1. Subtract the Cα-Cα distance of Asp98 and Gln150 from 0.36 nm times their separation in residues, and report this length gain in nm to one decimal.
2. Go through segment 90-97 residue by residue and turn each phi into a ³J(HN,Hα) via Karplus (6.51, -1.76, 1.60, θ = phi - 60°); whole Hz please, and just put x for glycine and proline.
3. For Gly128, list long-range residues whose amide hydrogen, built 1.01 Å from N in the peptide plane, is under 5 Å from its own amide hydrogen.
4. Most fluctuating residue of Asp61, Asp131, Asp123 in a GNM of the chain with Cα springs under 10 Å: which is it?
5. Which residues' amide hydrogens lie under 5 Å from the amide hydrogen of Ile159, considering only partners 5 or more residues apart or on another chain, with H built in the peptide plane?
6. Give the residue from Leu145, Val83, Tyr33 lying farthest towards the positive end of the charge dipole for the chain; charges sit on Cβ (+1 for Lys and Arg, -1 for Asp and Glu) and the dipole is referred to the Cα centre.
7. For the chain, what is the Kirkwood hydrodynamic radius in Å, using each pair of distinct C-alpha atoms?
8. Quantify, in whole percent, the carbon and sulfur part of the accessible surface of segment 70-117 (1.4 Å probe; protein heavy atoms only).
Amino acid sequence: MYTPIDYSNNLQEKYAQLTTQLDALLSGEPNVYANLSNASAILNQFFDRINWVGFYLMDGDELVLGPFQGLPACIRIPLGRGVCGTVAKTKEGLVVADVNAFPGHIACDAASRSEVVVPLIKDGEVFGVLDIDSPELDRFTEDDLVGLTQVVKALMKHI
C-alpha cells in the first residue's frame, strides 16, 4: 500500500528519497504502462507548483502522449519540435525558464510558463521523455534536472 512520505528539506536528499520510493513502488511489476502511470502519480505528489507531469513515448519518428497527470495534452510531437521533441532528438535533458522564449515551443496548456524535460533512454535509444510543466517562470533548476535524471535511471530499470 502506498502512502505519501514527508520528504527532506534538502533537495539532494529529496531526490534520493523519491528515487528509493519509486524503485520500491515499481519493483516486481513488468507492465510499462502501469509503471509509467504510477511514476507520473508519484512525481505529481512529489512536486509543488506544477500543472502537468507525464511521459511522451517514441512511436516511429515522433513522440506520442503516454501516462500523465494534468489537463489534456498534445497527443503527437515531432522529433526536434518544442522542448520535448528537442530533448528526444538530442538525448539531453533541458530546463526551460520561460517556455514562451523557447524556439518552436508547443503550447499544450497556456498556463505553463516553465518546463523540465528528461530523456528516457533504453539500450542507448530514446524510449520517450519525462515532461514536467509549471505555471511559474523559472520554476526548475539544474539541480532538478540532475535529480530527475537519477529518478529516470531508476524508472528505466522497470521499463
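1. So the chain would gain 16.3 nm between Asp98 and Gln150.
2. 8, 6, 10, x, 9, 10, 10, 5
3. Hits under the 5 Å cutoff: Met58, Leu120.
4. Asp123
5. Under 5 Å from the amide H of Ile159 lies no amide H from a residue far enough along the sequence or on another chain.
6. Going by the Cα projections, it comes out as Tyr33.
7. After inverting the mean inverse Cα-Cα distance, the result is 15.5 Å.
8. Numbers: 1360 of 2410 Å².
C and S fraction of accessible area: 56 percent.
The values are calculated or read from the model by the stated rules, or taken from the named source; none is laboratory data. Quick caveat, the model's predicted, so the values are computed rather than measured. Neighbour counts are summed over all protein chains in view; Cβ atoms, including those assigned to glycine, are modelled from backbone coordinates with ideal geometry. Quick note on the areas: whole protein, heavy atoms, side chains included, nothing else; ligands and nucleic acids left out. Shrake-Rupley method; radii C 1.70, N 1.55, O 1.52, S 1.80 Å.
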